[in-house]
Amino acid sequence: MYRLSSNYTLLWKIFIPVFYITFFGLLVLVCHFSDEGDLPFLTSPIARLVITSCYLIFVILMYFTIMNLKRVEADDQYYYVTNYFKTYRYLKTDVEKISSSDYGIWIWNTLHMKQVTKFGRNIRFIGNPAVYKK
């Protein structure tokens, strides 16, 4: 079995969203519940609005991009797709095509399935650079 996904998938999918939501969420809560005398810059109404809107925009952006990443492995007959909680096995004949986009930092890949699966019709993953160097 060989790995099609990057080792950084776990970092991007789990660790970065958890740390961002936790730490910046606490910053937003501190801004809203602190007295104006304690933190004069962060507790002004405009600063609260800017910090809260930036936090929400990035959470929504993460939800629709990196939180949908999957880990993909393959062997001679099957693709194994996991979200780190559940793993599903799909036949290679069930895959319509694999599209790839190179963004410099990572290679963004999509498995286009013929039918809807547990993870949807399009399964997105960050490509393993070792596979694409060959």
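The values are calculated or read from the model by the stated rules, or taken from the named source; none is laboratory data. The structure presented is a predicted model; accordingly, all values stated were derived computationally and were not measured. In this analysis, Cβ positions are derived from the backbone assuming ideal geometry, glycine residues included, and neighbour counts consider all displayed protein chains. With ligands, DNA and RNA removed, areas are computed over all heavy atoms of the protein, side chains included. Shrake-Rupley method; radii C 1.70, N 1.55, O 1.52, S 1.80 Å.
Listed highest first by mean packing, meaning other Cβ atoms within 10 Å per residue, what order do 93-103, 77-87, 2-12 come in?
Output ranking for 93-103, 77-87, 2-12: 2-12, 77-87, 93-103.
So if we plug the beta-carbon distance of LEU27 and SER101 into 1/(1 + (r/R0)^6) with R0 = 41 Å, what FRET efficiency do we get, rounded to 0.05?
In this case the efficiency is close to 0.80.
Report relative contact order for the chain in percent, whole number only (criteria: Cα-Cα under 8 Å, sequence separation at least 6).
Worked out over the chain, it gives 26 percent.
Return one whole number: the accessible area per residue of the chain in Å², for a 1.4 Å probe.
Per-residue value: 67 Å².
Helix-derived [θ] at 222 nm for the chain: sum -39500 (n - 2.57) over DSSP H runs of at least 4, divide by residue count, nearest 500?
Mean residue ellipticity, 222 nm, calculated: -10500 deg cm²/dmol.
Going by a ≥ b ≥ c, the root eigenvalues of the Cα gyration tensor, does region 1-102 fall in the rounded group (a/c under 1.5), the prolate group (a/b larger than b/c) or the oblate group?
Note, shape of region 1-102 comes out prolate.
Kindly state, to the nearest 0.05, the FRET efficiency for SER44 paired with ASN122, given R0 = 25 Å and r defined as their beta-carbon distance.
0.05
Report, in whole Å, the centroid distance computed from the Cα atoms of region 65-134 and region 1-48.
Region 65-134 and region 1-48 have Cα centres separated by 28 Å.
Taking a spot 7 Å from the Cα of TYR8 along the direction of its beta carbon, which residues of region 100-134 have an amide N less than 20 Å from it?
From region 100-134, the list is 100-111, 124-134.
Within region 1-21, what residues put their amide N at less than 16 Å from the label point 7 Å along the Cα-to-Cβ vector of ALA130?
1-10
With θ set to phi - 60° and the Karplus curve 6.51 cos²θ - 1.76 cosθ + 1.60, what are the ³J(HN,Hα) couplings of region 118-130 in order, to the nearest whole Hz, using x for Gly and Pro?
With coefficients 6.51, -1.76 and 1.60, one gets 5, 9, x, 7, 10, 10, 9, 7, 8, x, 6, x, 5 Hz.
Excluding TYR78 itself, calculate the net charge of residues whose Cβ lies under 13 Å from the Cβ of TYR78, where each Lys or Arg counts +1 and each Asp or Glu counts -1.
With Lys, Arg at +1 and Asp, Glu at -1, the net is -2.
Using a Cα distance threshold of under 18 Å, what count of lysine pairs results for the chain when pairs must be 8 or more residues apart or interchain?
Counting lysine pairs in the chain gives 13.
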